Amino acid sequence: INNAEEPSKVVMLTENETELSLFESREKQTVTVKLVKYSEAAFAYCGVESIETDGELEELPKDDRKRIEFIGDSITCGYGIEAENELINFRTDTENPAKAYAALAAKALDLRANYFCWSGNGTISKYVGEGATEPLTGDLMPELYEYTDLSISKRLYPDEPEKWEKWDFSAFAPELIVVNLGTNDCSWCKDIAERKLEYKQEF
């Protein structure tokens, strides 16, 4: 509310539909309300069906700030950043991208930011365990980057790739792009020369 540092409330959605009260006041006043989905597309998706108010909704002012885009994995997503410690099992209400380096950097530099990040993902392999004999190569970051949400498109149209919704790159044209990938690729590459060469060539 009104660009406060911390959200007035954090809700973990557990039902198919939920009605939320975002702001209440006994006095008439002008407020700015921001609704943010903190969790990743991999952990479900949601939308706003309607917004109701006793007052009037105003147009957002034009934002002429310079633009930056961050491409990354869990480090960029803020995966588990609000968990009590590293041993706590992940829940979506412990993820907070607003406290990760990308959002903090954009705020410090007063830039408009777009975040394209997916925990556990990489360029030639997703995260694999110690004994893995094959990389995990389904829906890697280079493929995902073209689409608004490839997982939803594939679910709706599994055999019709022409219907998969492409991202409109004209909607947000950044002056600066930060790529922070490789952590999960390293779980596969380790110190094996040919795997590291493949990563270098693909990246």
Next on the checklist: more than 21 Å from Glu40 (Cα to Cα) and surrounded by 15 or more Cβ atoms within 10 Å (Cβ to Cβ): which single residue out of Trp188, Trp164 fits that description?
Outcome noted: Trp188
Next on the checklist: On the basis of being under 23 Å from Glu69 (Cα atoms), in a helix (DSSP H, G or I) and touching a residue at least 12 places away in the same chain (Cβ under 8 Å), does Ala98 make the cut?
Outcome noted: yes
Item to check | Top-ranked residue of the stretch 152-161 - restricted to ones that are assigned to a helix (DSSP H, G or I) and open to solvent by 90 Å² or more (accessible area, probe 1.4 Å), ranked as nearest to Gly138 (Cα to Cα) | outcome: Arg155
Item to check | Among the residues listed as Val128, Val178, the single one being β-branched (Val, Ile, Thr) and either without any contact (Cβ under 8 Å) to a residue 40 or more places away in the chain or in a loop (DSSP other than H, G, I, E, B) (or both) | outcome: Val128
Checklist entry - Out of the stretch 101-125, which residues are assigned to a loop (DSSP other than H, G, I, E, B) and either open to solvent by 50 Å² or more (accessible area, probe 1.4 Å) or of a type in the set (A, V, I, L, M, F, W, C) (or both)? => result Leu109, Asp110, Leu111, Trp118, Ile124
Checklist entry - Restricting the stretch 44-74 to residues that are of a type in the set (Val, Ile, Thr) and open to solvent by 80 Å² or more (accessible area, probe 1.4 Å), which is nearest to Asp185 (Cα to Cα)? => result Val48
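The values are calculated or read from the model by the stated rules, or taken from the named source; none is laboratory data. For clarity, every value in this text was computed on a predicted model and none was experimentally measured. Ideal geometry is used to build each Cβ from the backbone, glycine not excepted, and the neighbour counts take in all protein chains shown. Just so you know, the surface numbers come from the protein's heavy atoms only, side chains and all, with ligands and any DNA or RNA stripped out. Shrake-Rupley method; radii C 1.70, N 1.55, O 1.52, S 1.80 Å.
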